[in-house]
Structure formats: C-alpha cells, structure tokens
Amino acid sequence: MSNASEALFAPLQLKSGQVLRNRIAKAAMEEGMAGRAQLPGERLITLYRQWGAGGTGLLITGNVMVHAEAMTGPGGVVLDADSPLEPFAAWADAGRRHGSAMWMQISHPGRQVQADMPGVVWGPSDVAVELGRHSKRFGQPVAMTAEQIADTITRFATTARRAEQAGFVGVEVHAAHGYLLSQFLSPLVNTRTDEWGGSLENRARLLCEIVHAIRAEVSPGFSVAVKLNSADFQRGGFDADDARKVIDMLAPLGVDLVELSGGSYESPAMTGRPADERTAAREAYFLELASELAVSSPIPLMLTGGITRRQTAERVLASGVAVVGMATALAETPDLPARWRHGAEATGRLKPVTWPDKPLASIASMAMVRYQMRRLGAGKKPALNVGPAFALAADQLVARRALRRYSRWLASRPRVGTRTSV
C-alpha cells in the first residue's frame with residue numbers, strides 16, 4: 001500500500017476525543033425514505049447496515065428535520081421532543097455495527113420547502129427561491145420572528161441531545177446548500193437589519209448560537225460538525241473569504257469537523273452542474289477552494305463533491321483536507337472504501353444528466369441517486385443503467401405517496417410551538 005493509500009486508511013482523532021477509523025466518510029444524501037410517522041424504518045436501517053459494512057470511517061445520515069412542520073420533502077425523517085427513540089437507536093446500531101462512527105445530520109429547510117407541502121415556509125427574510133420557470137415549485141417564505149429564531153435554536157439542541165440518547169456519536173449541523181442556516185449566512189437572502197442580519201458576524205449568529213446550544217446539551221465526547229458552503233457560486237453571495245471567517249468563529253465553540261461543499265438549488269454546484277470554472281473539474285468540485293481554506297483552518301476539514309476514485313481521494317488528503325466525503329459514489333458502489341483497500345475501484349457510474357434545463361437536470365440527478373438508495377434499502381443491488389426520466393417519474397410517485405402520509409401524520413399531531421400557515 002502506498003503512503004498516500006496509508007494516509008487514506010489512517011485513523012483521525014477529533015477534538016472531542018472521538019477517533020474515526022479512517023479518512024473516508026459517507027456524506028449526507030437526502031434519502032426521502034422515512035417510514036411510519038416520519039421515523040427511520042427497516043429500509044433506512046438496511047441501507048445504513050450496508051454502508052457500515054462497506055468500510056467507511058464515518059457515516060453521516062441524510063438531513064433529519066428538527067421541526068416537524070418544516071420539511072425539505074415529505075419523505076424526511078423527523079427527530080424532535082416528541083419522537084420515540086427506539087427507531088433511531090436501531091438506525092444508529094445498524095451504522096455502527098461494523099466500526100463506523102454514525103453521525104446524524106440535523107437540518108431546517110427554511111425557505112427551501114416545496115409549494116405543495118403543509119407546514120411552514122420560513123426564512124431570514126421574505127426572499128423566495130429564484131429558479132426561473134421552476135420558482136413556483138417552492139413556497140413563498142415569511143421572515144422569521146425573534147421568537148421563531150429562538151425556538152429554532154432550541155429545536156436543534158433538542159434533536160442533538162436526543163440523537164446522542166439514541167446512540168449516535170455525533171451530529172452535523174447543515175449550514176450549506178441553501179437551507180435555513182445557509183440562508184442566514186447569505187447576504188442575498190438575508191436582508192434583515194436586526195442582530196441576525198447585516199454584517200457577517202450577525203449573519204453567522206444563528207449558526208454559532210445553535211452550535212453553542214448543542215454543545216451545552218451533549219456530552220464532551222459527542223462530536224459536533226458543521227456542513228458549510230465553501231461558496232454559494234452566486235454573484236454577491238457567500239464566498240470563500242466568508243467561509244474562512246465563519247470557520248474561525250466556529251473554532252472556539254468546540255466544532256470537531258467542518259465539511260465543505262457548495263451551491264444551492266439556485267446554483268446547484270453540489271450536483272456537478274458547473275457554475276463557474278472552479279466547479280468544472282470532473283471530480284472534487286470544490287478542491288481548489290478547500291485546499292485554500294485548509295491552509296489556515298483551525299478545524300479539520302472534510303471535502304465532499306464528485307469524488308469517485310481512490311486517486312482523487314488521495315489528492316484531496318494531500319491538499320491538507322482531513323476527511324474525504326463521498327455521496328453519490330457510495331449509492332453506486334456501497335462497499336467502495338473496502339474495494340479501495342484491496343486495490344479495486346467502483347463497479348460503475350451513473351450517466352450524467354445533460355439536459356439543457358439545469359434546475360430540472362439537477363432534480364433528475366438527485367432522483368437517480370435516490371433510486372439507487374431505495375434499491376439498496378430493499379436489499380437489491382444498484383441499477384446504474386436507470387435513465388433520468390424514469391428515475392424522476394419514480395421519484396415523483398414515491399414523493400406523492402409520502403406527501404399523503406406526511407400530511408395525515410402532521411394533521412394528527414398536537415400543534416406546538418409557533419405554527420404559521422404557508
């Protein structure tokens with residue numbers, strides 16, 4: 001095994017004291033596979049059991065919602081103060097059984113909520129998602145009140161505490177890809193003039209308050225990570241210099257790892273649709289920005305975005321990044337880390353979606369990946385020959401069924417907190 005390969009399979013000790021067995025992480029993907037009552041069911045457990053057996057050092061779940069009335073999609077998992085912990089304990093056990101660390105990504109979608117969803121559409125301001133003719137896919141947001149912001153901080157802390165109680169050994173706070181915390185960080189979306197808007201320090205206040213609240217609720221050995229955009233790839237938006245400053249703000253708060261990605265629904269760089277020359281590379285879309293940030297970062301960095309080959313993963317580590325994150329590649333080949341250890345590569349790749357309608361192409365690309373995850377969750381092998389139109393149609397059928405279940409479940413729940421109609 002070469003020195004570069006040895007680095008890939010070397011352990012990493014985090015600030016919390018937790019040790020990752022290697023430098024390969026399964027990054028979060030939105031599975032849309034919640035079972036009854038928005039809980040993890042047998043399909044998610046089977047999926048993560050496969051990934052855990054595949055040789056990763058770290059498994060990060062798809063985003064788990066901290067607010068039952070604010071969902072990225074109807075198939076999302078919810079963990080709040082009222083959720084039973086037994087299904088989450090089974091999920092955590094499935095991922096950890098073969099030695100992987102199992103972290104829960106916790107998230108709030110903010111304004112990125114589909115227009116047909118019940119519940120709330122909140123944002124730092126009332127600035128809607130702009131996707132041209134696809135803009136109507138998302139609801140019109142209302143600017144959050146101070147009380148709603150305070151409730152959201154509490155929700156994140158509650159979800160983190162309950163994740164630890166269920167057997168997860170860390171959480172990742174999602175502050176990228178245009179979700180709520182990313183919206184607060186963006187000067188294009190956050191037009192507030194109070195203490196939550198304006199300067200970068202004010203725009204980062206919500207993220208920092210959430211991390212501080214989580215650290216106060218969990219044990220010292222429990223890991224806390226943040227997923228952050230290296231850049232939004234929108235003119236006048238959150239950029240690499242902003243990312244560097246936010247990382248410096250997070251360092252004294254006890255953050256163990258910062259995962260770098262990029263883009264949002266408005267500029268979907270994270271799916272490989274190039275927004276500028278920095279994302280045009282076939283693999284490791286954000287490596288140039290990450291390597292620049294790694295020079296001064298006081299927190300270990302993880303890079304996610306298009307990594308599929310061991311050679312690329314080794315190049316990422318050589319750049320100063322501590323952990324290699326993979327998402328789509330592990331939906332295509334769930335045992336890819338084990339293959340790398342034995343000198344093999346992936347079994348195949350999904351074909352890129354080259355439709356001229358970029359937002360629709362991004363949605364279809366994600367549908368193709370979810371199609372693979374549903375197969376893995378059913379105990380089947382990936383079907384990499386699936387076409388984007390078929391995968392998108394299948395995804396929409398699954399989503400419609402999930403929406404009916406979610407709507408019934410939400411209507412049956414006691415209304416707590418600060419509900420606002422869409």
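The values are calculated or read from the model by the stated rules, or taken from the named source; none is laboratory data. Source: prediction; values computed, not measured. Heads up, the Cβs are rebuilt from the backbone with ideal geometry, glycines too, and the neighbour counts pull from every protein chain shown. Surface areas here come from the heavy atoms of the whole protein model, side chains and all, with no ligands, DNA or RNA. Shrake-Rupley method; radii C 1.70, N 1.55, O 1.52, S 1.80 Å.
Looking at the stretch 30-60, which of the residues that are open to solvent by less than 20 Å² (accessible area, probe 1.4 Å) and closer than 16 Å to H174 by Cβ is nearest to the chain's Cα centre (by Cα)?
My answer is I60.
So which residues in the stretch 325-347 are on the phi < 0 side of the Ramachandran plot and either part of a loop (DSSP other than H, G, I, E, B) or among the charged types (D, E, K, R) (or both)?
Correct list: A327, E332, T333, P334, D335, R339, R341, H342, A344, E345, A346, T347.
If we scan the stretch 334-348, do we find a residue that is of a type in the set (D, E), surrounded by 12 or more Cβ atoms within 10 Å (Cβ to Cβ), under 22 Å from the mean Cα position of the chain (by Cα) and under 30 Å from G99 (Cβ atoms)?
yes
When you go through (1) touching a residue at least 60 places away in the same chain (Cβ under 8 Å); (2) surrounded by 17 or more Cβ atoms within 10 Å (Cβ to Cβ) one by one for M144, which number turns out not to apply?
(1)
Kindly indicate whether G99 is within 30 Å of A364 (Cβ to Cβ) and in a loop (DSSP other than H, G, I, E, B).
Taking the combined requirement at face value, the residue does not satisfy it.
Those residues that are β-branched (V, I, T) and in contact with a Lys or Arg (Cβ under 8 Å, 6 or more places away or on another chain), I need them from the stretch 124-160; list them, please. Show your work before the answer.
Step one: list which residues in the stretch 124-160 are β-branched (V, I, T), which gives 127, 129, 142, 145, 149, 152-154, 158-159.
The answer is V127, V129.
Just to be sure, is E172 of a type in the set (D, E, K, R), in contact (Cβ under 8 Å) with a residue 24 or more places away in the chain and open to solvent by 10 Å² or more (accessible area, probe 1.4 Å)?
For E172, the condition - of a type in the set (D, E, K, R), in contact (Cβ under 8 Å) with a residue 24 or more places away in the chain and open to solvent by 10 Å² or more (accessible area, probe 1.4 Å) - is not met.
Please go through (1) open to solvent by 10 Å² or more (accessible area, probe 1.4 Å); (2) over 19 Å from the mean Cα position of the chain (by Cα) for N63 and return the number of the only condition it doesn't satisfy.
(2)
Restricting to the stretch 351-397, and then to whatever is in contact with a Lys or Arg (Cβ under 8 Å, 6 or more places away or on another chain), open to solvent by 40 Å² or more (accessible area, probe 1.4 Å) and not in a loop (DSSP other than H, G, I, E, B), can you tell me which residue is nearest to Y48 (Cα to Cα)?
Out of the qualifying residues, it is R375.
Among S107, S2, S16, which is the only one that is touching a strand residue (DSSP E or B) at 6+ places or on another chain (Cβ under 9 Å), open to solvent by 10 Å² or more (accessible area, probe 1.4 Å) and either at pLDDT 95 or above or more than 18 Å from M326 (Cα to Cα) (or both)?
That would be S16, the only listed residue that is touching a strand residue (DSSP E or B) at 6+ places or on another chain (Cβ under 9 Å), open to solvent by 10 Å² or more (accessible area, probe 1.4 Å) and either at pLDDT 95 or above or more than 18 Å from M326 (Cα to Cα) (or both).
Could you please tell me which pairs satisfy a Cβ distance under 8 Å, a separation of 6+ or placement on different chains, a first residue in the stretch 151-166 that is in contact (Cβ under 8 Å) with a residue 24 or more places away in the chain and of a type in the set (V, I, T), and a second residue that is part of a helix (DSSP H, G or I) and open to solvent by 30 Å² or more (accessible area, probe 1.4 Å)?
I153/E209; T158/E217
When A70 is evaluated against the numbered criteria (1) crowded, with 24+ Cβ neighbours inside 10 Å; (2) assigned to a loop (DSSP other than H, G, I, E, B); (3) out of contact with any Pro (no Cβ under 7 Å at 6 or more places or on another chain), which criterion, by number, is the only one it fails?
Against the list (1) crowded, with 24+ Cβ neighbours inside 10 Å; (2) assigned to a loop (DSSP other than H, G, I, E, B); (3) out of contact with any Pro (no Cβ under 7 Å at 6 or more places or on another chain), A70 comes up short only on (3).
Would you confirm, using the coordinates I've provided, whether A89 is assigned to a helix (DSSP H, G or I), within 19 Å of F168 (Cβ to Cβ) and free of Cβ contacts under 8 Å to residues at least 60 places away in the same chain?
Values: assigned to a helix (DSSP H, G or I): yes; within 19 Å of F168 (Cβ to Cβ): yes; free of Cβ contacts under 8 Å to residues at least 60 places away in the same chain: no.
Answer is no for this residue.
Can you name the residue in the stretch 295-315 that is touching a Gly at 6+ places or on another chain (Cβ under 9 Å), crowded, with 20+ Cβ neighbours inside 10 Å and of a type outside the set (K, R) and, of all such residues, is farthest from M366 (Cα to Cα)?
By that ranking, first place goes to S297.
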